[in-house]
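Below: the structure, in structure tokens.
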Ligand code: SAH
């Protein structure tokens, strides 16, 4: 008999609703000799077949479902079909960029697998034991669908340790050329594939960068947590008069400098400021320095449910000072990329921050991750990036 898992009777509802994860507490029995990453069939307590997934003995997420179709084997054809579906979906989106997320993990039916495309390079991140086990099949599917592309792996993320996996960075196929440039909505933007954050770039902000561009005409912009200044490039493309970028990483600011100049803007149109945003915003408040538009795109503040309150205080602090830094009638674009931060709580935090700052805020747009980062209806956790465009008045 194939390796299998039987669930507790009281804990089978989410699997029946095709949520892609089975938590360790839901497992009643493991049948067979199952190793990390092996494929298992999952059954209800009464013996009904529910799905087929990857077993991960070291993780609280004990099984991640590959499929809810009993006739589907987890083989080369399976991965090729899933990647082909993901590719067709992206081709239908009219992204206006040659940098896009090809596979968004669970939301593309491939739990633990992230694949980003940057021009002619695919960068893959494998986060789960199941994904790691099938590396060769995934790479072979990529080679088939994108024959002349290079493939890199950037599995250097701490969450792999929860799955009993080492961190890995490697070149897997094609030319070894790590400095890349993508073209997004007419902008040329550099991507540092080996050392950049995540797989090198924040593709999830593409649509929001475009919105910043539409709002930026003739404005002075403060771009906090700028990373490689992609929001700055977009704001300048939209006619911003000046952008101040703040980040703690000098490497990111250096690449940002190149990005801005290679898009035809001049050195007097921007300022690079290596600083801690929390401190810089307090200084602006003390000096009463204000901007027409402030962008706040901080890193993830929440790693666990127990950390949510502390994170909420961090978001409120930064948004209160962010609101102080906006001129009367100006714009605040504020984001949270923490999956554990609910949208309604984020909105409430901004509302509280506005009260504390003594300013009036109107929410004029509700933002999310770009369309190449879909959210599967059975997996609401896939919605991690939230943003608000706020009009700030006295
Ligand atoms: N807006 C960017 C992505 C931001 S990622 C884009 O769309 O490309 C978050 C950035 O915040 C990183 O570059 C990191 O170096 C920076 N950062 C983290 N903590 C910081 C702090 N306290 N002050 C300033 N920058 C910080």
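For residues that are surrounded by fewer than 18 Cβ atoms within 10 Å (Cβ to Cβ) and either at pLDDT below 95 or not in a loop (DSSP other than H, G, I, E, B) (or both), tally how many sit in region 43-56.
So the answer is 1.
Just give me the residues in region 225-250 being more than 9 Å from the ligand (Cβ to nearest atom), surrounded by fewer than 24 Cβ atoms within 10 Å (Cβ to Cβ) and not in a strand (DSSP E or B), in sequence order.
Listed by number, the residues that qualify are 237, 238, 239, 241, 250.
Does region 194-212 hold any residues that are more than 10 Å from the ligand (Cβ to nearest atom) and either assigned to a loop (DSSP other than H, G, I, E, B) or over 22 Å from residue 323 (Cβ atoms) (or both), and which are they?
194, 195, 199, 200, 207, 210
When residues of region 335-356 are filtered for being within 16 Å of the ligand (Cβ to nearest atom) and free of Cβ contacts under 8 Å to residues at least 12 places away in the same chain, how many remain?
Looking only at that region, the number is 0.
Run residue 264 past the list (1) in contact (Cβ under 8 Å) with a residue 12 or more places away in the chain; (2) more than 9 Å from the ligand (Cβ to nearest atom) and report the number of the one that doesn't hold.
Status for residue 264: all satisfied but (1).
Quickly run through region 213-224 and pick out the residues that are touching a helix residue (DSSP H, G or I) at 6+ places or on another chain (Cβ under 6 Å) and either farther than 22 Å from residue 248 by Cα or within 8 Å of the ligand (Cβ to nearest atom) (or both).
Selection gives 213, 216, 223, 224.
Could you tell me whether any residue of region 255-262 is under 26 Å from residue 187 (Cα atoms), more than 24 Å from the chain's Cα centre (by Cα), assigned by TED's automatic domain parsing to the domain that holds residue 382 and surrounded by fewer than 20 Cβ atoms within 10 Å (Cβ to Cβ)?
Yes, region 255-262 contains a residue that is under 26 Å from residue 187 (Cα atoms), more than 24 Å from the chain's Cα centre (by Cα), assigned by TED's automatic domain parsing to the domain that holds residue 382 and surrounded by fewer than 20 Cβ atoms within 10 Å (Cβ to Cβ).
Can you tell me which residue is modelled with the lowest pLDDT among those in region 178-193 that are assigned to a loop (DSSP other than H, G, I, E, B) and either assigned by TED's automatic domain parsing to the domain that holds residue 256 or surrounded by 14 or more Cβ atoms within 10 Å (Cβ to Cβ) (or both)?
178
Taking into account only those residues within region 282-326 that are touching a residue at least 40 places away in the same chain (Cβ under 8 Å), out of contact with any strand residue (DSSP E or B) (no Cβ under 7 Å at 6 or more places or on another chain) and under 19 Å from residue 227 (Cβ atoms), which is farthest from the ligand (Cβ to nearest atom)?
The qualifying residue farthest from the ligand (Cβ to nearest atom) is 301.
List every residue pair whose Cβ atoms lie under 6 Å apart, where the two residues are 6 or more positions apart in sequence or sit on different chains, the first residue falls within region 214-233 and is not assigned by TED's automatic domain parsing to the domain that holds residue 267, and the second residue, located anywhere, is more than 7 Å from the ligand (Cβ to nearest atom).
Listed pairs, sorted by first residue: none to list.
Does residue 255 count as without any contact (Cβ under 8 Å) to a residue 24 or more places away in the chain and either more than 9 Å from the ligand (Cβ to nearest atom) or in a loop (DSSP other than H, G, I, E, B) (or both)?
no
The values are calculated or read from the model by the stated rules, or taken from the named source; none is laboratory data. These figures come from a predicted structure and were not determined experimentally. FYI the Cβ positions are ideal-geometry reconstructions off the backbone, even for glycines, and counts take in every protein chain you see.
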